[in-house]
Amino acid sequence: MTDPQFALTERVQQALAAAFGAEYSDADPLIRPSQFADYQANVAMSLSKRLRRAPREVAQEIAEHLTGRADDPFPGTVEVSGPGFLNLTLSDDWITAQVSEIHADPRAGVGVSASPQTIVIDYSAPNAAKEMHVGHLRTTIVGDALARVHEHLGHRVIRQNHLGDWGTPFGMLIEHLLDIGEEAAVAQLEAGEGNAYYQAARVKFDTDPEFNGRARARVVTLQAEEPETMRLWHIFMNATVRYFNKVYVQLGVTLTNEDIAGESMYNHVLAQVCDELQERGIAVLSDGALCVFPPGYTGREGQPLPFMIRKSDGGYGYATTDMATIRYRVDDLKADRIIYVIGATQSLHMSMLFDSARLAGWLPDHVRAEHVQIGSVLGSDGKMFKTRSGKSVKLLELLDEAETRAAGVIQDREYDDAERERIAHAVGMGAVKYADLSVSHDSEYVFDFDRMLALTGNTGPYLQYAQARIRSIFRRGGVTPAETAGPIVLGHPAERALALQLLRFGSVVEEMAENSAPHKLASYLFDTASAFTTFFENCPVLKDDVEAATRASRLALCALTLKVMETGLGLLGVPVPERM
């Protein structure tokens, strides 16, 4: 089951080696889709200077080696055009054989890794002292898509929800819980009013000396893990996590309580981390603080930039916890790859973390660590997305509004209330998630409900509608996708274009996983839906005048398209309603 572009890349590289020597076998053939053929290879243009020959002459020699193998004929035609372009057209027989193979494959051409890895993915990670807001949307959605795709490829995925659940603010948060009573605190936290709770505690901390003293004393008992303080901390955390879970359930992400690995988990090893780094000379005292100085980082005046492991007052910070975390993930979880799905603003911190951990030997060379940088969500004014009053938008309220608006989009459909509610939920969540995943994760994007919920263009609802339309074909035809046997025959250009598009699915999924790029899969699914729309408009499937063999072939193409769309959207975490 071969991606046409990969197959052609291999053939052209073999021809390069045969024509010019083995040292050219790894040259990039520069193969791209073309309006003049299926694909165009521009390698002759790039190699002409190196070979000191005219590009067209180079292209002609490559073409001769592509088509001159009697033992393994080229699966199509090769033409030299213009100053030295190679136009490559695949034969219908080759395309048919490949697409028939993936039609019979339950995985639609997506392979399973021959060398499965343990992949740790750190994502979502809200702060327990605050409520979830739109800023958490992207880290949660992107991380979940990456977890899904790596599991689909056969890897062992360990989700890590690194909650901000420890530190000095919890002194005042626990004291405020005592002041208002456990029942009232739990109700407020479960309702997602974390910001109001935090702000009330903060006001008292700043204005009431007696409360301030209690809060500071509570931090000491928290750090000592005194039983009553820990009981109160658990009440606070359990209520907060129940609220987080409401968001996760509505959003349809795969995080559970089993995936929680908050900052508190590493509290007992932070002193050991500091002591070991200092004893080995990796961390040194600088103005009273314990710091690692990884090479290559300098401040504005050219001074070495510190990665602060312990503050001058003896307190620990994010760097301390993150060093303990990376060591745990390598030593205890046996990670082969660690993916941090965290805001782009943390890029310097993450880079220094990785380099400091490598200096310490806690991140060995065989472990791949990467920061999947997440860009900001903007409002229509191009600024950070907030309410009209300037506050952060609560994530749960945002998701509720998405469902309400989605219900308006389908209000003219004849469904009962229960089905209308199910579809509105799927369309609303699909719109929000796809809008995020369809842009590069490190880019900013404007949050716009009208664009997200449109039934045309590169949107979640458009893709959901495309797969729902395929399902309707099978309902009207009185057949199930599993009953489509083909054989597939390519007659109309739209059939051929759709088949070529479907052949790329497996390689696109692998590319998404390798490069942590969900937008690549999203773009592919949009192109697939567009190719299917063209096929649908030009190639009748169920009309009476369609011959039986043609009908069987087109139903098989419909079934494969549905399998690809359903699988692809599932890997992105976008729900697929049967009707729309």
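If you check 363, 305, 270, 359 for being among the hydrophobic types (A, V, I, L, M, F, W, C), surrounded by 13 or more Cβ atoms within 10 Å (Cβ to Cβ) and within 25 Å of the chain's Cα centre (by Cα), only one passes: 363. Kindly evaluate residue 368 against the criterion of being in contact with a helix residue (DSSP H, G or I) (Cβ under 8 Å, 6 or more places away or on another chain) and open to solvent by 50 Å² or more (accessible area, probe 1.4 Å). No, not satisfied.
Each row is one residue, and each column tells you yes or no for (1) among the small types (Gly, Ala, Ser); (2) closer than 17 Å to residue 441 by Cα; (3) open to solvent by less than 50 Å² (accessible area, probe 1.4 Å).
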{"residue": "519", "(1), (2), (3)": "no, yes, yes"}
{"residue": "523", "(1), (2), (3)": "yes, yes, no"}
{"residue": "532", "(1), (2), (3)": "no, no, yes"}
{"residue": "550", "(1), (2), (3)": "no, no, yes"}
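Does residue 343 count as open to solvent by less than 50 Å² (accessible area, probe 1.4 Å) and either touching a strand residue (DSSP E or B) at 6+ places or on another chain (Cβ under 6 Å) or modelled with pLDDT of 95 or more (or both)? Yes; evaluated as a whole, the condition is true for this residue. The set of residues in region 310-350 that are in contact (Cβ under 8 Å) with a residue 40 or more places away in the chain, polar (S, T, N, Q) and closer than 27 Å to residue 141 by Cβ comprises 321, 325. Is it the case that residue 445 is of a type in the set (Ser, Thr, Tyr) and under 17 Å from residue 567 (Cα atoms)? The answer is no for residue 445.
Pairs, please: C-beta under 9 Å, at least 6 apart or cross-chain, first residue loosely packed, with under 15 Cβ neighbours inside 10 Å and in region 184-204, second part of a helix (DSSP H, G or I)? Listed by first residue and then by second, the contacts come to 184/177; 187/239; 196/188. Taking region 540-580 as the range and being in contact with a Phe, Trp or Tyr (Cβ under 9 Å, 6 or more places away or on another chain) and of a type in the set (Gly, Ala, Ser) as the test, the residues that pass are 559, 568. Scanning region 126-161 for residues that are free of Cβ contacts under 8 Å to residues at least 40 places away in the same chain and not polar (S, T, N, Q) yields 151, 157.
List the helices (runs of 4 or more DSSP H) inside region 86-182, counting only whole elements, that have at least 2 residues being small (Gly, Ala, Ser) and either open to solvent by 10 Å² or more (accessible area, probe 1.4 Å) or at pLDDT 95 or above (or both).
In region 86-182, 92-103, 135-152 are the helices (runs of 4 or more DSSP H) which contain 2 or more residues that are small (Gly, Ala, Ser) and either open to solvent by 10 Å² or more (accessible area, probe 1.4 Å) or at pLDDT 95 or above (or both).
Among residues of region 36-62 being within 39 Å of the chain's Cα centre (by Cα) and not in a helix (DSSP H, G or I), the one that is surrounded by the most Cβ atoms within 10 Å (Cβ to Cβ) is 41. Residue selection: residue 18 fails the criterion of being more than 30 Å from residue 491 (Cβ to Cβ), outside any helix (DSSP H, G or I) and either in contact with a Phe, Trp or Tyr (Cβ under 9 Å, 6 or more places away or on another chain) or in contact (Cβ under 8 Å) with a residue 12 or more places away in the chain (or both). When residue 273 is tested against the conditions (1) outside any helix (DSSP H, G or I); (2) at pLDDT 95 or above, the lone failure is (1). Within region 182-218, the set of residues being of a type in the set (A, V, I, L, M), closer than 30 Å to residue 271 by Cα and more than 37 Å from the chain's Cα centre (by Cα) comprises 215, 217. Can you confirm whether region 419-430 contains a residue that is under 20 Å from residue 132 (Cβ atoms), among the β-branched types (Val, Ile, Thr), over 19 Å from the mean Cα position of the chain (by Cα) and outside any strand (DSSP E or B)? For region 419-430, residues under 20 Å from residue 132 (Cβ atoms), among the β-branched types (Val, Ile, Thr), over 19 Å from the mean Cα position of the chain (by Cα) and outside any strand (DSSP E or B): absent.
Residues that are open to solvent by less than 70 Å² (accessible area, probe 1.4 Å) and part of a helix (DSSP H, G or I) within region 276-302 comprise 276, 277, listed in sequence order.
For region 68-77, check the following and say yes or no: at least one residue is out of contact with any Ser or Thr (no Cβ under 6 Å at 6 or more places or on another chain) and buried (at least 18 other Cβ atoms within 10 Å of the Cβ). No, every residue in region 68-77 fails to be out of contact with any Ser or Thr (no Cβ under 6 Å at 6 or more places or on another chain) and buried (at least 18 other Cβ atoms within 10 Å of the Cβ). Restricting attention to region 303-312, does a residue exist that is at pLDDT below 95 and within 29 Å of residue 133 (Cβ to Cβ)? Yes, that holds for at least one residue.
Among the residues of region 308-329, those that are open to solvent by less than 20 Å² (accessible area, probe 1.4 Å) and either part of a strand (DSSP E or B) or β-branched (Val, Ile, Thr) (or both) comprise 309, 320, 321, 325, 326. Selection of region 391-418 for residues being of a type outside the set (Gly, Ala, Ser), more than 24 Å from the chain's Cα centre (by Cα) and in a helix (DSSP H, G or I) yields 404, 405, 409, 417.
Table: residues versus (1) modelled with pLDDT of 95 or more; (2) over 22 Å from the mean Cα position of the chain (by Cα); (3) acidic (Asp, Glu); (4) under 26 Å from residue 429 (Cα atoms).
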position	(1), (2), (3), (4)
470	yes, yes, no, yes
477	no, yes, no, no
499	yes, yes, no, no
506	yes, no, no, yes
517	yes, no, no, yes
520	yes, no, no, yes
526	yes, no, no, yes
531	yes, yes, no, yes
539	yes, yes, no, no
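Evaluating residue 570 against the criteria (1) open to solvent by 10 Å² or more (accessible area, probe 1.4 Å); (2) assigned to a loop (DSSP other than H, G, I, E, B) leaves one unmet condition, (2). If you filter region 380-408 down to residues that are modelled with pLDDT under 85 and under 19 Å from residue 459 (Cβ atoms), you find that the one that is surrounded by the fewest Cβ atoms within 10 Å (Cβ to Cβ) is 380.
In the condition set (1) open to solvent by 30 Å² or more (accessible area, probe 1.4 Å); (2) over 22 Å from residue 224 (Cα atoms), residue 265 is compliant with all but (2). Being outside any helix (DSSP H, G or I), charged (D, E, K, R), more than 22 Å from residue 121 (Cβ to Cβ) and open to solvent by 20 Å² or more (accessible area, probe 1.4 Å), is that true of even one residue in region 219-239? Looking for residues that are outside any helix (DSSP H, G or I), charged (D, E, K, R), more than 22 Å from residue 121 (Cβ to Cβ) and open to solvent by 20 Å² or more (accessible area, probe 1.4 Å), one finds at least one in region 219-239, hence yes.
Please go through region 183-197 and give me each residue that is in contact with a helix residue (DSSP H, G or I) (Cβ under 6 Å, 6 or more places away or on another chain) and in a helix (DSSP H, G or I), ordered by number.
Scanning region 183-197 gives 185, 186, 188, 189, 190, 197.
The values are calculated or read from the model by the stated rules, or taken from the named source; none is laboratory data. This is a predicted model, so every value here is computed, not measured. Positions of Cβ are backbone-derived with ideal geometry, glycine not excepted, and every protein chain shown enters the neighbour counts. Just the protein is used for accessible areas: all its heavy atoms, side chains included, with ligands, DNA and RNA removed. Shrake-Rupley method; radii C 1.70, N 1.55, O 1.52, S 1.80 Å.
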